[in-house]
Amino acid sequence: MSSITFVVPVGDKEVYEKCFSSSPLFKDSDDFQIIPQHGFSSSGEAFNDAIEKAVNDIIVFVHQDVVFPAAWAQEFLAELQHLESSCSTVGVIGCLGMITRTGQPAGHIYRHDREVFHPLRPAEVETLDEMVICFRKSSGLRFDTALPSFFYYAVDICLQANARGLKNFAVDAPCFHQATYRKVFRKVFYESQKYMLSKWKARLPVKTPSGVLDEEKFNIIQFIKRYIYLIIGYSPPPWWEKYPVINPDDILYTKTGLTEQRTSGK
């Protein structure tokens, strides 16, 4: 068995089977421990339950609409080994993070047929996007079961890691996030946001992939703007459309990782 355990909260079986379960990484292979979590009301409950079931130290927590290329584990483990050889205080790692010391995003992912790439070496970041995050079971990190629903859990676990003196990183191990464009956040998103504002009040402001978490702003402007768009029928273009177009098949099924391709100039 591989050294990786994957944990996937499943809210839509069709999406799970079309995306995560159909990943080329898992084709004709049972080398990975996969724990699909059904029926949980919060990320903390779903993930902590899975941590107890995990047989591997390396645990990847991933959305059901993520697709892993065939070479992903090879690239990811190489990145992790390189990172841990140079840093003894690694906390949470992921594919897309906010924000580096220079005030920039860092990461490498594919969103449908677009490549989102911000330079990595890897890059230390404040928080990570929830599509894919990872930490070692032996780190002792655990998710907050009081955090409502499935929003902000990556931000929270990153802040927990920071509070324990650990560092979070975005690494160059890209995968596909096939999520649809969310025009309006649901009520539970703002409930989770309110909880985070209270829990981490002394740590604010915090830069996250969803915007700056700041009690003074509370992202109310974003909230109002999205609902106005919904009322008037305006649909802004998805944020990822500004990025370069790629051919997913060139990446999904190759056994040579994209990092190696870029290095060799292919």
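The values are calculated or read from the model by the stated rules, or taken from the named source; none is laboratory data. Nothing here was measured: the structure is a model prediction, and the numbers come from that model. Here Cβ is always computed from backbone atoms with ideal geometry, including for glycine, and neighbour counts include all displayed protein chains.
Conditions tested, residue by residue: (1) farther than 18 Å from residue 199 by Cα; (2) modelled with pLDDT under 95; (3) surrounded by fewer than 18 Cβ atoms within 10 Å (Cβ to Cβ); (4) among the aliphatic types (A, V, I, L, M).
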{"residue": "104", "(1), (2), (3), (4)": "yes, yes, yes, no"}
{"residue": "110", "(1), (2), (3), (4)": "yes, no, no, no"}
{"residue": "139", "(1), (2), (3), (4)": "yes, no, yes, no"}
{"residue": "148", "(1), (2), (3), (4)": "no, yes, no, no"}
Residue among 173, 154 that alone is small (Gly, Ala, Ser), under 27 Å from residue 14 (Cα atoms), modelled with pLDDT of 95 or more and not in a loop (DSSP other than H, G, I, E, B): 154
Within segment 100-133, tally of residues that are in a strand (DSSP E or B) and at negative phi: 17
If a residue has to be more than 22 Å from residue 135 (Cα to Cα) and out of contact with any Pro (no Cβ under 7 Å at 6 or more places or on another chain) to count, how many in segment 17-40 make the cut? 8
Suppose we filter segment 150-205 for residues that are of a type in the set (D, E, K, R) and either in contact with a helix residue (DSSP H, G or I) (Cβ under 7 Å, 6 or more places away or on another chain) or buried (at least 23 other Cβ atoms within 10 Å of the Cβ) (or both); how many remain? 4
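Matching residues to (1) surrounded by fewer than 18 Cβ atoms within 10 Å (Cβ to Cβ); (2) touching a strand residue (DSSP E or B) at 6+ places or on another chain (Cβ under 8 Å); (3) polar (S, T, N, Q); (4) over 20 Å from residue 154 (Cα atoms):
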site: 11; (1), (2), (3), (4): yes, no, no, no
site: 33; (1), (2), (3), (4): no, yes, yes, yes
site: 38; (1), (2), (3), (4): yes, yes, no, no
site: 41; (1), (2), (3), (4): yes, no, yes, no
site: 44; (1), (2), (3), (4): no, no, no, no
site: 57; (1), (2), (3), (4): yes, yes, no, no
site: 62; (1), (2), (3), (4): no, yes, no, no
If a residue has to be modelled with pLDDT under 75 and part of a helix (DSSP H, G or I) to count, how many in segment 210-266 make the cut? 17
